Amino acid sequence: MSLGSQILHLARRSVIRTLRQPANWITPLIFPLALMAVNSGGLQAATSLPGFPTDSFVAFFLAFPFIQGALFSTVNAGVDLARDIQTGFLNRLALTPMQSTALLVGHLGGVIVMGFVQAIWYLAVGLAIGVRIEAGVLGTVVLLVLAVLIVTAFGSFGALAALRTGSTEAVHSLFPVFFVFLFISSMNLPRNLIETDWFQVAASANPVSYLIEAIRSLVIQGWNEEALALGFAIAIGLSIVGLTLSSLSLRTRLART
Amino acid sequence: MEQAIEVRGLVREFKGGIHAVAGIDLDVAPGEIYGFLGPNGAGKSTTVHMLTTLLPPTAGTAKVGGHDIVAEGPAVRRTIGAALQEAALDPLLTGREHLKLQLALHGIPRAERDRRTDELLERVGLRLAADRKIGGYSGGMKRRLDLALALAHRPRILFLDEPTTGLDPQSRSALWDEVVRLKRDEGVTVFLTTQYLEEADVLADRVGIIDHGRIVAEGTPAALKAEIGRPTVEAVPTEETEPAKLEAIFGRFGELQPSTAGVAVRLDGKGGLADVVRALDSADVTVAALHLHAPTLDDVFLAKTGRSLEGEEEPSEPEPAPA
């Protein structure tokens, strides 16, 4: 069986598993948007700040659900992989002619499919409440590609945690860590408007800020080459690092000859 | 004739210098059921993990289906099926989905996948439960599905690691029947680990007894029992029977054994059951019943290790998967 077919079968399993755990897909679809609604209501006044890039805080904040949704699906996917290790299902797969690459990519394939569905949903809700994507149709496509890349990057780190620890609890414990990265970023304000020095420094050093700003630029600015280049470079870079480390961990975990 | 499984000096050492398997040699002929018997922690599962390529050995060599387990892992995996100690199933998938995934990963074409899935579900009695999620299966149903998954790609060699542990007698019996059928009808070689004496006795053509990572005895169950070959005579006393007198008579024929029913002696060759009966008669000792127990594999284990296998509790083997 070809590598592609193996990946497809394992990705299909990953999607089925997710669909059969409603909490794993309902939460990422609802919670980020709920948080967006609360923040947009409370922080609309921020748009009056001199230099704020748009007069719609909802449009400004729409990038947030993409990142938070990616975090949810990442942790869920990591937990699923850790559970496979704990139950011995990984050994069952290892006893087939399945290639190791297929396991990792197939697993992430399921995460990516779910991430793509989430991205479409966030976009649809955004458009429904009046947000306009300044970069147009092509920009919307680019936004979806970037969203998928971000899910891949985060997903690879979720898989890495699962493969390193083999523990669902350890993967769960990543969530607050990821959340810290999300909150110490430019999610609520543009970095140049953050007045607290340490926060601005931290947000500038935080790669999540650049992922948010890349998505945000497509929504509120149009084509901002610098923001997009940074966002894509970080998403691709994180994906490469995460996938490489995950592959190495998988090789150790699957000690088969 | 090439052996189905050929093991020479196989060793697996874990962190801390623990030798889970301390140098074993064994051969399993094609079409044979080989029972690998031992208490918890003896090294059974570690051996299976090495022979199924899931764990590289520290030293020694082994060939499974003619393929080296280290140098030809993928070829070994194509040849074998394995049901490991825990029925490793995904609680969110159905039985049918498990089989289809397994068959797909083995490269079975789609049309054959459907036919083979139905055939396997029928064979293990899960046709009606095929589309239910595994989370709702009983332990016996999970074990049967586990076996079906191991057989999905028609392997020539089957590894079953304690397949009946925790099963009710009915499920155990059904699984035994299937193992016998596989050997008889399909010529499948079966490497079966168990801690149940009866299971090894009933199923295995030959038995290897492992203790502390070493094989301490090997042969057919009959030959192993004949080797230590001493039956036990057990007397159930009446109310009038004087226990001391009974013990004195029995003591002349061998070593007294613990007995919940009365008094028992393992015959040491100085006499048989008839001699015991004559001795009781001549001493005018009456008993309610007299039983002759043939030697069991537990007697073999006791003779080889000084301990009884039944009720034996040892620490579990170190986790075979690497940390």
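Which residues, counting only those in segment A:16-36, are of a type in the set (A, V, I, L, M, F, W, C) and more than 15 Å from A:Phe64 (Cβ to Cβ)?
A:Ile16, A:Leu19, A:Ala23, A:Trp25, A:Ile26
Can you list the helices (runs of 4 or more DSSP H) found entirely within segment A:154-244 that contain at least 2 residues being under 14 Å from A:Leu71 (Cβ atoms)?
By residue number, A:168-172, A:174-183, A:207-216.
When you go through A:Ile26, A:Ile85 one by one, which is the residue that is under 30 Å from B:Leu103 (Cβ atoms) and surrounded by fewer than 23 Cβ atoms within 10 Å (Cβ to Cβ)?
Being under 30 Å from B:Leu103 (Cβ atoms) and surrounded by fewer than 23 Cβ atoms within 10 Å (Cβ to Cβ) holds for just one of A:Ile26, A:Ile85, which is A:Ile85.
Check B:Pro91 against each of (1) without any contact (Cβ under 8 Å) to a residue 24 or more places away in the chain; (2) within 9 Å of another protein chain (Cβ to nearest Cβ) and name the one condition it does not meet.
Here B:Pro91 clears every test but (1).
Output the qualifying pairs, or none if there are none: Cβ atoms under 8 angstrom, residues six or more apart or on different chains, first residue in segment B:56-78 and more than 11 Å from every other protein chain (Cβ to nearest Cβ) and on the phi > 0 side of the Ramachandran plot, second residue among the basic types (Lys, Arg) and assigned to a strand (DSSP E or B).
Every condition considered, the pairs that remain are B:Gly60/B:Arg8.
Does segment A:158-175 hold any residues that are crowded, with 24+ Cβ neighbours inside 10 Å and over 12 Å from A:Arg83 (Cβ atoms), and which are they?
Selection gives A:Gly158, A:Ala159, A:Leu160, A:Ala161, A:Leu163.
Taking the options A:Ala119, A:Ala124, name whichever one is over 20 Å from A:Leu245 (Cα atoms), in contact with a Phe, Trp or Tyr (Cβ under 8 Å, 6 or more places away or on another chain) and modelled with pLDDT of 90 or more.
A:Ala119
Taking only segment A:200-233 into account, find how many residues are surrounded by fewer than 20 Cβ atoms within 10 Å (Cβ to Cβ) and among the hydrophobic types (A, V, I, L, M, F, W, C).
Within segment A:200-233, residues that are surrounded by fewer than 20 Cβ atoms within 10 Å (Cβ to Cβ) and among the hydrophobic types (A, V, I, L, M, F, W, C) number 9.
Filter segment A:1-50 for residues that are in a loop (DSSP other than H, G, I, E, B) and either within 12 Å of another protein chain (Cβ to nearest Cβ) or modelled with pLDDT under 90 (or both) and give the result.
A:Met1, A:Ser2, A:Arg20, A:Gln21
Residues in segment B:1-17 that are surrounded by 15 or more Cβ atoms within 10 Å (Cβ to Cβ) and farther than 18 Å from B:Lys63 by Cα: how many?
2
Give segment A:59-113 a look and list any residue that's away from chain B (no Cβ under 11 Å) and touching a strand residue (DSSP E or B) at 6+ places or on another chain (Cβ under 7 Å), or say none.
Of everything in segment A:59-113, nothing turns out to be away from chain B (no Cβ under 11 Å) and touching a strand residue (DSSP E or B) at 6+ places or on another chain (Cβ under 7 Å).
The values are calculated or read from the model by the stated rules, or taken from the named source; none is laboratory data. Since we're looking at a predicted model, the values are computed, not measured. Every residue, glycine as well, gets a Cβ built from its backbone with ideal geometry; the counts of neighbours run over all protein chains shown.
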